[in-house]
2 protein chains.
Amino acid sequence: MATGFSFEVLARDGDARCGRLATPHGELATPAFMAVATYGAVRGVTPAELRGLGAGMLLANTYHLHERPGEDVVARAGGLHGFSGWRGPWLTDSGGYQAFSLAERVALDEDGVTFASPLDGRRRRLTPESAIAIQEALGADVAVVLDHCVPTASAAGGAEALRPAWRDAMERSLRWAERGGRARRRADQALFGIVQGGADRELRRTSARATAGIGFDGYAHGGLGLGEAGAARAELLAVSHAELPAGAPRYLMGLGHPEDLLQAVERGVDLFDCVVPTRHGRHGVLFAREGRLAIRNARFREDPLPPEPGCDCPTCASFSRAYLRHLFVCGDLLGPRLATLHNLRFYYRLLEEARSAIAAGRFAAFRDAARAAAGAREE
Amino acid sequence: MATGFSFEVLARDGDARCGRLATPHGELATPAFMAVATYGAVRGVTPAELRGLGAGMLLANTYHLHERPGEDVVARAGGLHGFSGWRGPWLTDSGGYQAFSLAERVALDEDGVTFASPLDGRRRRLTPESAIAIQEALGADVAVVLDHCVPTASAAGGAEALRPAWRDAMERSLRWAERGGRARRRADQALFGIVQGGADRELRRTSARATAGIGFDGYAHGGLGLGEAGAARAELLAVSHAELPAGAPRYLMGLGHPEDLLQAVERGVDLFDCVVPTRHGRHGVLFAREGRLAIRNARFREDPLPPEPGCDCPTCASFSRAYLRHLFVCGDLLGPRLATLHNLRFYYRLLEEARSAIAAGRFAAFRDAARAAAGAREE
């Protein structure tokens, strides 16, 4: 692995595993959730609060930081660690997902991706090499290769119709992965390859085997959560894991809801990132064991309970559902902030509990109980 | 004074004074600044943060809380203290200022004020009696009487043209003050009268004398900061103070910028509230000894300094101007929050220093130095 990195699997329960990932900016216990700090900040939340919530590693977006403020500015401020004040580990994505999510503003060719910026219309170019150079300037502990991401489902047709595009994107991603690997200059930054292949088991298997053959410090699953059913995704993860080195960390990109995370932990995933807890929080949806709370609902108007009784987050320690509802109804910034804090703690605690359950060899029972509770009251 | 209240002047320096106001929910050192918590929250800031910044008493708005969530909801949640989590002292205004600021949606008659709600168009009525009843339900430590507020300047004409309106509003405010005083039911809530009279010294003198004659626990200056020059305002304050009991707290409503506060402290004002630090913070304007920083300015793009070197606030302890600029440029909620924290600390510290200067008999020198610094670089 890169200098200053190590990954150790500490316990297994079926395919689920818990471990420890060491980086030059600190260790994290896996499986771990990474909060999304698109522009180098988890919206509305300070680094000190994140530490208090149990954050280990944060994710920032290469494409967005390349636009604003520019990787040169971040580099001169001491990289993401110095610029943002989050001194713990950082992971940056490569911009591959933005090439997918901003697709109508993107032209993709064999050499790379051209964006017509949604900010200013300016043309911006990412190649497998420049994606690495930008991430090295940003100074994340973990970088990922540029990949070509396509949906796993489409209204236009089933797997037969999509398979040519899946194959094309998977093969291009492999060529880009090789180029990305050759472009590395920093020895103190880990680089993860990305498995693609749409919703096709054979394509995923081929991609995983070939990506492992190139050789990376860790391996990500890309292009999932874009249409496939949960059970199908679990199989795709398992097929890929059989091809990846067991001692390397595995990262499921961009997912998801608590049930998605537990399902992937069961298959041996070590790292997650997702905007769900933070975005839902900003929109007034709070996670709780008893189900999600749409906090603006009139039934919370005089509810004196904390969002989730028994939760150890700062929001639940001091504020009622009634007050949170009032803040959202009045549009006070404090509402999104308090809801975000609670949701992040919910996610961090979910994974803390998953790690304990794996270590104790009772993950299946934990997962079933968590699913039953989450299904008990959806609103 | 009301049960659980006392006010003591501890030191004087010219007309400036420092003192201690005790309330059923804690003491505060005066002169003091009250942050504005319109809906029961200082936008984006928690009670724990406010304590850390040095907050003493907060101000909430009767009219806005009457609309949302309604004083009945707040009362059942334990009043403002229980509902919001700010367990320290609260002051509520009466809605008189909203009758002015929402003037085009308001019909005022001798009995009270009718609002066409800007939220839902519904008709809402405030009278001198209902304004007290609502504030008693909200449970603030300090309530104020309903007053009739008019501008101190107008494009339409000078003092001669405005004086009839000033007189009319001042006389009505006196009749409303008497009715408000008779409407009190709670012995554990202080009630402040409000001096009106526009920018006319004789009207202010008459109002102050008559308001003192009714007898309140403290006295506010209403209708200032609405057009008059600073020097004129200082005279109006001095004229009124000569008529008010020296042992009662004096509160200048709704002002202002740091220089306004120091000028009023010099004339013997004890309490202030204003949206300036919080609103400016949300808009990216930060107060500093060296002048205000419009933090979005490109010149801060790579500025590694904290907003105000030497400041002891949590923002200056951890974040650079460059990072704050980036947060504002990207529209991250963390920007307004961090700027608000700094600006509030700037105000609290300004008044801490003013109190020390008064106690040491060097207030004039302190005021001159603060003015010179603030004028040194405006941007």
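The values are calculated or read from the model by the stated rules, or taken from the named source; none is laboratory data. Please read all numbers here as calculations on a predicted model, not as lab measurements. All Cβ positions, even for glycine, are placed from backbone atoms using ideal geometry, and neighbour counts span all protein chains on display. Heavy atoms of the whole protein, side chains included, go into the accessibility calculation; ligands, DNA and RNA do not. Shrake-Rupley method; radii C 1.70, N 1.55, O 1.52, S 1.80 Å.
Scanning the stretch A:117-156 for residues that are at pLDDT below 95 and open to solvent by less than 40 Å² (accessible area, probe 1.4 Å), we see that the one that is nearest to A:GLU71 (Cα to Cα) is A:ARG124. Only residues that are closer than 16 Å to B:GLY218 by Cβ and outside any helix (DSSP H, G or I) were counted across the stretch B:236-252, and they come to 10. Restricting attention to the stretch A:333-365 and to residues that are more than 28 Å from B:PRO69 (Cα to Cα), open to solvent by 30 Å² or more (accessible area, probe 1.4 Å) and of a type outside the set (Asp, Glu), the residue that is nearest to the chain's Cα centre (by Cα) turns out to be A:ARG355. Scanning the stretch A:102-115 for residues that are assigned to a helix (DSSP H, G or I) and either open to solvent by 60 Å² or more (accessible area, probe 1.4 Å) or at pLDDT 90 or above (or both) turns up A:GLU104, A:ARG105. Within the stretch B:62-80, the set of residues being open to solvent by 10 Å² or more (accessible area, probe 1.4 Å) and in a helix (DSSP H, G or I) comprises B:HIS64, B:HIS66, B:GLU67, B:GLU71, B:ASP72, B:ALA75, B:ARG76.
Which of the residues belonging to the stretch B:116-132 are part of a helix (DSSP H, G or I) and under 13 Å from B:TYR63 (Cα atoms)? Correct list: B:PRO128, B:SER130, B:ALA131, B:ILE132. Just for the stretch B:183-204: of the residues that are touching a residue at least 40 places away in the same chain (Cβ under 8 Å) and assigned to a helix (DSSP H, G or I), which one is nearest to B:GLY215 (Cα to Cα)? Restricting to residues being touching a residue at least 40 places away in the same chain (Cβ under 8 Å) and assigned to a helix (DSSP H, G or I), the top hit is B:ALA183. Here A:LEU191, A:LEU252, A:LEU261 are screened, and the one residue that is under 24 Å from A:ALA22 (Cβ atoms) and in contact with a His (Cβ under 6 Å, 6 or more places away or on another chain) is A:LEU252. In this structure, A:LEU262 does not satisfy being open to solvent by less than 10 Å² (accessible area, probe 1.4 Å), more than 23 Å from A:ARG355 (Cβ to Cβ) and among the aliphatic types (A, V, I, L, M). Residue under question is B:GLY121, and the condition is that it be within 23 Å of B:VAL73 (Cβ to Cβ) and in contact with a Leu (Cβ under 6 Å, 6 or more places away or on another chain); does it hold? No. Name every residue in the stretch A:160-210 that is of a type in the set (Gly, Ala, Ser), farther than 29 Å from A:ASP141 by Cβ and surrounded by fewer than 24 Cβ atoms within 10 Å (Cβ to Cβ), in order of residue number. Of everything in the stretch A:160-210, those that are of a type in the set (Gly, Ala, Ser), farther than 29 Å from A:ASP141 by Cβ and surrounded by fewer than 24 Cβ atoms within 10 Å (Cβ to Cβ) turn out to be A:ALA161, A:ALA165. Inside the stretch A:333-343, residues that are facing chain B (nearest Cβ under 8 Å) and among the small types (Gly, Ala, Ser) make up a count of 0.
Here B:ALA373 passes the criteria (1) buried (at least 19 other Cβ atoms within 10 Å of the Cβ); (2) assigned to a helix (DSSP H, G or I); (3) of a type outside the set (Val, Ile, Thr); (4) touching a Lys or Arg at 6+ places or on another chain (Cβ under 7 Å) except the one numbered (1). Residues that are touching a Gly at 6+ places or on another chain (Cβ under 9 Å) and hydrophobic (A, V, I, L, M, F, W, C) do not occur anywhere in the stretch A:101-112. Taken together, the criteria place A:ARG362 among residues that are over 22 Å from A:CYS274 (Cα atoms), away from chain B (no Cβ under 14 Å) and among the charged types (D, E, K, R).
Consider B:LEU324 carefully, then state whether it is touching a strand residue (DSSP E or B) at 6+ places or on another chain (Cβ under 9 Å), in a helix (DSSP H, G or I), among the hydrophobic types (A, V, I, L, M, F, W, C) and within 18 Å of A:PRO69 (Cβ to Cβ). Yes; evaluated as a whole, the condition is true for this residue. Going by the conditions given, is B:LEU255 within 14 Å of chain A (Cβ to nearest Cβ), at negative phi, assigned to a loop (DSSP other than H, G, I, E, B) and out of contact with any Asp or Glu (no Cβ under 6 Å at 6 or more places or on another chain)? It is false that B:LEU255 is within 14 Å of chain A (Cβ to nearest Cβ), at negative phi, assigned to a loop (DSSP other than H, G, I, E, B) and out of contact with any Asp or Glu (no Cβ under 6 Å at 6 or more places or on another chain). Considering only residues in the stretch B:5-23 that are open to solvent by less than 10 Å² (accessible area, probe 1.4 Å) and aliphatic (A, V, I, L, M), the one that is nearest to the other protein chains (Cβ to nearest Cβ) turns out to be B:LEU21. Annotation: A:GLN98 fulfils all but one of (1) under 29 Å from A:LEU226 (Cβ atoms); (2) among the polar types (S, T, N, Q); (3) at pLDDT 95 or above; the unmet one is (3). In this structure, does A:ALA2 turn out to be part of a loop (DSSP other than H, G, I, E, B) and surrounded by fewer than 24 Cβ atoms within 10 Å (Cβ to Cβ)? The answer is yes for A:ALA2. Step by step: first the residues of the stretch B:304-332, then only those that are touching a Ser or Thr at 6+ places or on another chain (Cβ under 7 Å) and surrounded by fewer than 18 Cβ atoms within 10 Å (Cβ to Cβ), then the one that is farthest from the other protein chains (Cβ to nearest Cβ). Which residue is that? By that ranking, first place goes to B:LEU305. For A:ALA35, the requirement of being in contact (Cβ under 8 Å) with a residue 40 or more places away in the chain and outside any helix (DSSP H, G or I) is met.
Filtered by the rule that a residue be farther than 17 Å from B:PHE272 by Cα, open to solvent by 10 Å² or more (accessible area, probe 1.4 Å), within 12 Å of chain A (Cβ to nearest Cβ) and out of contact with any Cys (no Cβ under 8 Å at 6 or more places or on another chain), the stretch B:24-61 gives B:ARG43, B:THR46, B:PRO47, B:ALA48, B:GLU49, B:ARG51, B:GLY52. In the set (1) away from every other protein chain (no Cβ under 11 Å); (2) assigned to a helix (DSSP H, G or I); (3) farther than 20 Å from B:ALA48 by Cβ, the condition left unmet by A:THR278 is number (1).
Return yes or no: is A:GLY95 buried (at least 24 other Cβ atoms within 10 Å of the Cβ) and away from chain B (no Cβ under 12 Å)?
Against the criterion (buried (at least 24 other Cβ atoms within 10 Å of the Cβ) and away from chain B (no Cβ under 12 Å)), A:GLY95 qualifies.
To keep it simple, each residue is scored yes or no on (1) more than 11 Å from chain A (Cβ to nearest Cβ); (2) under 19 Å from the mean Cα position of the chain (by Cα); (3) β-branched (Val, Ile, Thr).
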{"residue": "B:VAL74", "(1), (2), (3)": "no, no, yes"}
{"residue": "B:GLY85", "(1), (2), (3)": "no, no, no"}
{"residue": "B:GLY88", "(1), (2), (3)": "yes, yes, no"}
{"residue": "B:PHE100", "(1), (2), (3)": "yes, yes, no"}
{"residue": "B:ARG105", "(1), (2), (3)": "yes, no, no"}
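Filter the stretch A:209-222 down to the residues that are under 19 Å from the mean Cα position of the chain (by Cα) and within 14 Å of A:VAL239 (Cβ to Cβ) and list them by number. Selection gives A:TYR219, A:HIS221. If you go through the stretch A:289-332 and keep only what is under 29 Å from the mean Cα position of the chain (by Cα) and either modelled with pLDDT under 95 or charged (D, E, K, R) (or both), you end up with A:ARG289, A:GLU290, A:GLY291, A:ARG292, A:ARG296, A:GLU308, A:ASP312, A:ARG321, A:ARG325, A:ASP332.
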